[in-house]
Amino acid sequence: MKILDCTLRDGGYYNSWNFPKPVVLDYLAAMAAAKVDIVELGLRSLKNTGFKGASAYTTDSYIDALNVPETLKVAVMINAAELVAANSVEEALEELFPLNTNDSPVDVVRIACHVHEFTASLPAASWLKSKGFVVGYNLMQVAERSQEEVEELARAASDYPIDALYFADSMGSMGPEQCRKIISWLRAHWQGALGIHTHDNMGKALQNTLTAIEEGVTWLDATVTGMGRGPGNARTEELVIEVANMRGEQINLVPLLSVIKSYFQPLKNKCGWGSNPYYFLSGKYGIHPTFVQEMLADPRFDEEDILATLEHLRVEGGSKFSKDTLDATRNFYSKKVEGSWSPKTDLLGKRVLILGAGPGLEEHSNAVQSYIDKYSPVVIAMNTQSILPDDKIDLRIASHPVRLLADCDKHARLPQPLITPVKSLPDDVLESLGNKQCLDFGLQVEKGTFTVGETSAVLPNSLVISYALAVAAAGECDQIYLAGFDGFGAADNRSLEMQKVFNLFTEKTGKSLISITNTTYDIPSISVYGL
């Protein structure tokens, strides 16, 4: 068995491969003490855009300056995409590896490869072997491929001098049984060494690695604290314990635990890799974990947004990450679309009460219901919140695309008509709404704008509060009251975004807002009890 630690390569996505040299030296000493066999010190690449640290290029001179312990073999990884995009695979390799292995500190070269790049990049194995390197191929997203496809990949690999054929559980969706199945498929035509690179979306990275060992896999990837994109990988500090037990040898974990405490754990606390319920779902649904990583780093996405987006990607497919796909889940409303319903039909000259979902509405629900009974405002509830009984709510309103994706089944069962931008909704949402009575008020999103028309509006975002205020203004109501808009706290980005909405609304429409329950927003307020 060979343990290959790839922390400085896979973990570099969090710090631009810029690991401080003292940390790298401590890391190398820790790897030697834990009896890791191979350290992948980073990538080797021809691309140079934006600053990246030494481990993005892992040059021979950089490695020479590290005085790597003699017990450790040194690996670097290259991307097959760069090889197949070059004029020729050989020209790219000559630029990446100017020295033969006798003169280079690199022992092992691994090629990360998507299935569609595999055949075109295979000649790289012959070139690298001719220079004396040990060659590994990492096949990505193999867990999503059929038996026929996997066996054909193994057949193609068997014609080239590859020392270790890896399969990577790129989506983190694999379980032990599927792990065994993929190994058996590869073994149909590949008799050489097999390797595994597991992801921890569902907390199964170590379990899958140990299963692979049982099935004869001998090259084992791991990273310190699991450091890697999104949910991360099998953790080196755990795998070395298991392998040492299998080998019947003693290891010294003190240096490793020390560098974890001083560097890797603080960085993990800051950057947040590691499994969580969102990554678990991405693994379960076969969704690329970068979708989750991007949403967690974006303050516009709250918990509901992330869950709804994952549900959407489960239906529509999300095995390949795309920034455009992610943005599309928030921006269905880039084009001007007129609705077919005029809010004046229901709101002209009347009081309107918009219900939020803050705890203030539940706390003061009896008083709010008494107010409704006495003054009979048109009550509009945002989304599917049901703090008040259904007979107190006249209309519901929903516009936020990811929230609609999550709630459309609930809307179909609720008795009130739904105000929503019908003509802009995707087919899967419309299908889920079924025969729901929908009032079509058009919505277009344009930053910094709050323009209200007869049957549509141009708004700064697709937040349902923005849409609800536009509907009230378009209906030429007498007064807009709010209940359940407590606020999220002064430092929360959601509060800042909401306050901007309120300010822009009053500035552009001249309409006033009054909160009748407690609120931290800078808007006029009165007490529902005084009413």
Being surrounded by fewer than 21 Cβ atoms within 10 Å (Cβ to Cβ) and hydrophobic (A, V, I, L, M, F, W, C) is the filter; apply it to the stretch 354-371 and report the residue that is farthest from ILE419 (Cα to Cα).
ALA367
Near pairs, Cβ below 6 angstrom, 6+ apart or cross-chain, from the stretch 13-37 (closer than 15 Å to MET227 by Cβ) to any residue that is open to solvent by 70 Å² or more (accessible area, probe 1.4 Å)
TYR13/ARG229
Does GLU117 fit the bill of being out of contact with any Asp or Glu (no Cβ under 8 Å at 6 or more places or on another chain), open to solvent by 70 Å² or more (accessible area, probe 1.4 Å) and not β-branched (Val, Ile, Thr)?
no
Suppose we filter the stretch 244-261 for residues that are surrounded by fewer than 18 Cβ atoms within 10 Å (Cβ to Cβ), assigned to a helix (DSSP H, G or I) and either touching a helix residue (DSSP H, G or I) at 6+ places or on another chain (Cβ under 8 Å) or not aliphatic (A, V, I, L, M) (or both); how many remain?
8
Which one of these is touching a helix residue (DSSP H, G or I) at 6+ places or on another chain (Cβ under 8 Å), within 23 Å of GLN444 (Cα to Cα) and open to solvent by 20 Å² or more (accessible area, probe 1.4 Å): SER340, SER334?
SER340
Condition met for HIS312 (touching a Leu at 6+ places or on another chain (Cβ under 8 Å) and open to solvent by less than 50 Å² (accessible area, probe 1.4 Å))
yes
Restricting the search to the stretch 446-460, which residues are surrounded by fewer than 21 Cβ atoms within 10 Å (Cβ to Cβ) and on the phi < 0 side of the Ramachandran plot?
GLU446, LYS447, THR449, THR451, GLY453, GLU454, THR455, VAL458, PRO460
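Listed here are the residues, each with its yes/no results for (1) among the acidic types (Asp, Glu); (2) at positive phi; (3) touching a Ser or Thr at 6+ places or on another chain (Cβ under 9 Å).
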site: ALA470; (1), (2), (3): no, no, yes
site: GLU476; (1), (2), (3): yes, yes, no
site: TYR481; (1), (2), (3): no, no, yes
site: GLY484; (1), (2), (3): no, yes, yes
site: SER495; (1), (2), (3): no, no, yes
site: PHE502; (1), (2), (3): no, no, no
site: THR506; (1), (2), (3): no, no, yes
site: THR519; (1), (2), (3): no, no, yes
site: GLY530; (1), (2), (3): no, no, no
Could you tell me how many of the residues in the stretch 283-306 are open to solvent by 20 Å² or more (accessible area, probe 1.4 Å), in contact with a helix residue (DSSP H, G or I) (Cβ under 8 Å, 6 or more places away or on another chain), modelled with pLDDT under 80 and in a helix (DSSP H, G or I)?
1
Residue check: is VAL429 closer than 30 Å to SER527 by Cα and crowded, with 18+ Cβ neighbours inside 10 Å?
no
When PHE505 is run through (1) buried (at least 21 other Cβ atoms within 10 Å of the Cβ); (2) farther than 20 Å from SER365 by Cβ; (3) under 29 Å from the mean Cα position of the chain (by Cα), the failure sits at (3)
Give PHE280, PHE264 a once-over and let me know the one that is open to solvent by less than 20 Å² (accessible area, probe 1.4 Å) and either among the charged types (D, E, K, R) or within 22 Å of the chain's Cα centre (by Cα) (or both).
PHE264
Consider only pairs whose beta carbons are under 8 Å apart and that are at least six residues apart or on different chains; among these, list those whose first residue lies in the stretch 463-476 and is of a type in the set (Val, Ile, Thr) and whose second residue is open to solvent by less than 10 Å² (accessible area, probe 1.4 Å) and part of a helix (DSSP H, G or I).
ILE465/VAL501; VAL471/LEU347
If LEU463 satisfies every condition in (1) closer than 30 Å to VAL315 by Cα; (2) in contact with a Gly (Cβ under 7 Å, 6 or more places away or on another chain) but one, which is the exception?
(2)
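Listed here are the residues, each with its yes/no results for (1) modelled with pLDDT under 95; (2) among the basic types (Lys, Arg).
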| residue | (1), (2) |
| --- | --- |
| SER88 | yes, no |
| PRO98 | yes, no |
| ILE111 | no, no |
| VAL115 | yes, no |
| LYS129 | no, yes |
| VAL134 | no, no |
| GLU144 | yes, no |
Counting residues that are in contact with a Cys (Cβ under 6 Å, 6 or more places away or on another chain), which helices (runs of 4 or more DSSP H) fully inside the stretch 336-434 reach at least 2?
427-433
Within the stretch 88-100, identify whether any single residue is touching a strand residue (DSSP E or B) at 6+ places or on another chain (Cβ under 6 Å), open to solvent by 60 Å² or more (accessible area, probe 1.4 Å) and under 25 Å from ALA193 (Cβ atoms), and answer yes or no.
no
Here is a list: LYS350, LYS344. Which entry is of a type outside the set (S, T, N, Q) and over 25 Å from TYR521 (Cα atoms)?
LYS344
Can you tell me which residue in the stretch 268-277 is least open to solvent (accessible area, probe 1.4 Å), limited to those that are closer than 30 Å to PRO22 by Cβ, assigned to a helix (DSSP H, G or I) and out of contact with any helix residue (DSSP H, G or I) (no Cβ under 7 Å at 6 or more places or on another chain)?
ASN269
Please find, within the stretch 120-138, the residue that is surrounded by the fewest Cβ atoms within 10 Å (Cβ to Cβ) out of those that are part of a helix (DSSP H, G or I) and among the small types (Gly, Ala, Ser).
SER130
Are any residues in the stretch 226-243 at positive phi and not in a loop (DSSP other than H, G, I, E, B), and if so, which ones?
GLY226
Residues that are open to solvent by 40 Å² or more (accessible area, probe 1.4 Å), under 19 Å from LEU239 (Cα atoms) and in contact with a Pro (Cβ under 8 Å, 6 or more places away or on another chain), drawn from the stretch 32-78
none
Here are ALA193, ALA164, ALA188, ALA156: which of them is farther than 19 Å from ALA112 by Cα, more than 27 Å from the chain's Cα centre (by Cα) and among the aliphatic types (A, V, I, L, M)?
ALA188
Does ALA92 meet the test of being under 20 Å from ILE162 (Cα atoms), assigned to a helix (DSSP H, G or I) and in contact (Cβ under 8 Å) with a residue 40 or more places away in the chain?
yes
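The values are calculated or read from the model by the stated rules, or taken from the named source; none is laboratory data. Since this is a predicted model, take the numbers as computed values, not measurements. Every residue, glycine among them, receives a Cβ derived from its backbone with ideal geometry; neighbour counts consider all protein chains shown. Note: areas computed on protein heavy atoms with side chains; ligands, DNA, RNA excluded. Shrake-Rupley method; radii C 1.70, N 1.55, O 1.52, S 1.80 Å.
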